[in-house]
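The values are calculated or read from the model by the stated rules, or taken from the named source; none is laboratory data. Being a predicted model, the structure only gives us computed values, none of them experimental. For the accessible areas, the whole protein counts, side chains as well, though only heavy atoms, and no ligand, DNA or RNA atoms are used. Shrake-Rupley method; radii C 1.70, N 1.55, O 1.52, S 1.80 Å.
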Amino acid sequence: MLKLVWVTMMDVTGPHHRAAGGRLVRTVFAARYVSALAVVFAALGAVFMFVVGAVTTIKAIGVYFGADELKAFSSDAALAATVDVVTALDQFLLGLFLLIFAYGVYSLFVVADREQWAAAREEMQAPDWLHISSVTDLKVMLLEVVAVIIAVLFLKVVLDVASGADLPWNAIILPAAVVLFGATVWLFTQADDH
C-alpha cells in the first residue's frame with residue numbers, strides 16, 4: 001500500500017523529484033535502526049533484573065537460614081523467605097518481559113533480511129511462542145507477561161498480609177488489573193482471528 005501511494009506520488013511530481021524522494025524514503029526506513037537502542041538497553045535491563053532477582057533469592061536463602069533477625073528454620077523465617085522468593089520471581093519476570101521486548105523490537109524493526117532471520121530462528125530452535133510477526137503479536141505477548149507480573153505482585157501482598165502487615169486499600173486494584181489485562185489480551189486475539 002505504501003509503495004503504491006509512493007509510486008502514485010512520484011508519477012504526479014515528475015521525474016526530477018524522484019531522486020530526492022528516493023533519498024527521503026531510504027532515510028525514513030534507515031531510521032528504524034534507531035530502535036536498536038531500545039533493543040540494547042532493554043537487554044541490559046533484562047540482565048540487570050536477572051542479577052537483582054538472583055541477589056534477592058540469595059537473600060531469601062540467608063533469611064531462612066537465620067542471617068536475618070528471625071530464628072533459623074522458623075515459620076516466620078520461612079514466610080519472610082517466601083516473600084523474598086516471590087519478589088525475586090517478580091524481578092525475573094520483569095527481566096523476561098524486557099528480554100521479550102528486546103527480541104520483539106529487534107525482529108520487527110531491526111532485521112533487514114526476513115528469510116535469513118527465519119532460518120536463524122529455525123536453526124536455534126526458537127520456540128513457536130517466541131515468533132513475533134507483528135506489533136500486535138508483541139503487544140499481546142507483553143500484555144500477558146504484565147498480567148503475570150501483576151498477579152505475582154498480588155501474591156506478594158497476600159504473603160505480606162499473612163506475615164502480619166495491614167492490607168492496603170489499593171490492593172484490590174491488582175486482581176482487577178489482571179482481569180482487565182486478560183480481557184485486553186482476549187480482545188486482541190479475537191481481533192486477530194477476524
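Quick rundown of the values:
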{"item": "Average silhouette area of the chain, convex hull of alpha-carbon atoms, in square nanometres", "result": "16.0"}
{"item": "Solvent exposure, largest accessible area first (probe 1.4 Å, DNA, RNA and ligands not counted), of LYS59, LYS156", "result": "LYS59, LYS156"}
{"item": "In Å², nearest 10: area of TYR33 left accessible to a 1.4 Å probe", "result": "100"}
{"item": "Whole-Hz couplings from phi, Karplus 6.51/-1.76/1.60, listed for region 58-64; x for Gly and Pro", "result": "4, 4, 4, 5, x, 4, 5"}
{"item": "Helix 135-162 vs. the chain, principal-axis angle (Cα, 0 to 90°, nearest 10)", "result": "10"}
{"item": "For GLY66, distant residues with modelled amide H under 5 Å away", "result": "PHE73"}
{"item": "The chain - percent of accessible surface contributed by carbon and sulfur, probe 1.4 Å", "result": "72"}
{"item": "Among VAL152, VAL52, VAL34, residue whose mean-square fluctuation peaks in a GNM of the chain (springs only between Cα atoms under 10 Å)", "result": "VAL34"}
{"item": "For the chain, accessible area per residue (1.4 Å probe, heavy atoms of protein chains only), Å²", "result": "65"}
